[in-house]
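The values are calculated or read from the model by the stated rules, or taken from the named source; none is laboratory data. Owing to the predicted nature of the structure, the values given are computational and were not obtained by experimental measurement. Reconstructed Cβ throughout: ideal geometry from the backbone, glycine too, with neighbour counts over all protein chains shown. Just so you know, the surface numbers come from the protein's heavy atoms only, side chains and all, with ligands and any DNA or RNA stripped out. Shrake-Rupley method; radii C 1.70, N 1.55, O 1.52, S 1.80 Å.
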Amino acid sequence: MTLATYGPGGPWAAAVFYASDGFDLYFVSSPASRHGRDVAARAAVAATVQEDYREWREIKGIQLEGRVEQLSGDAETRARKLYAAKFPFAAASAPAAIVAAFAKVRWYHLAAVRAYFVDNSVGFGHRDQVL
């Protein structure tokens, strides 16, 4: 997912690995990263999810806007389970280096409030609101 934020340094985009439950997206990041600092100051974000296509007629993906919150407690536990199901390397039995890296990050939830499905196979720039 490409996460777009806005903060004191202006607009920013960062690629993050994510897991989802419907239009609820969960990702990990350092709170010291530029996008981590941005969402701490301003929770409103935009994001896109798509593959890299060579042919424009094949482009399909999601564009969305929403709000990001840092997780803790039961919400963080749920996010960790979703993430580990998608990325087994992040499970509790992960190698020590992965466990150490995950100890330095925080868990975030992006709650989409509006989303569009882009499908160029229908026509250039075609999109349907799905949320």
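Side notes on the structure shown:
- Per-atom-type breakdown for the chain gives carbon and sulfur 55% of the accessible area (1.4 Å probe, protein chains only).
- The phi-based Karplus calculation (6.51 cos²θ - 1.76 cosθ + 1.60; θ = phi - 60°) puts the 3J(HN,Hα) values of the stretch 26-39 at 10, 8, 10, 6, 7, x, 8, 5, 4, 6, x, 5, 4, 6 Hz, whole numbers, x for Gly and Pro.
- Cα-based reach from K104 at 27 Å (exclusive), listing lysines while leaving out same-chain residues under 8 positions away: K81, K86
- The simple Förster model, with R0 at 41 Å and r as the Cβ-Cβ distance, assigns V118 and I98 a FRET efficiency of 0.80.
- Residues in the chain average 60 Å² of solvent-accessible surface per residue, probe 1.4 Å, ligands and nucleic acids excluded.
- Cα centroid separation, the stretch 34-60 to the stretch 108-123 (Å): 10 Å
- In a simple Cβ point-charge model (Lys, Arg +1; Asp, Glu -1; nothing else charged), the chain has a dipole of about 340 debye relative to its Cα centre.
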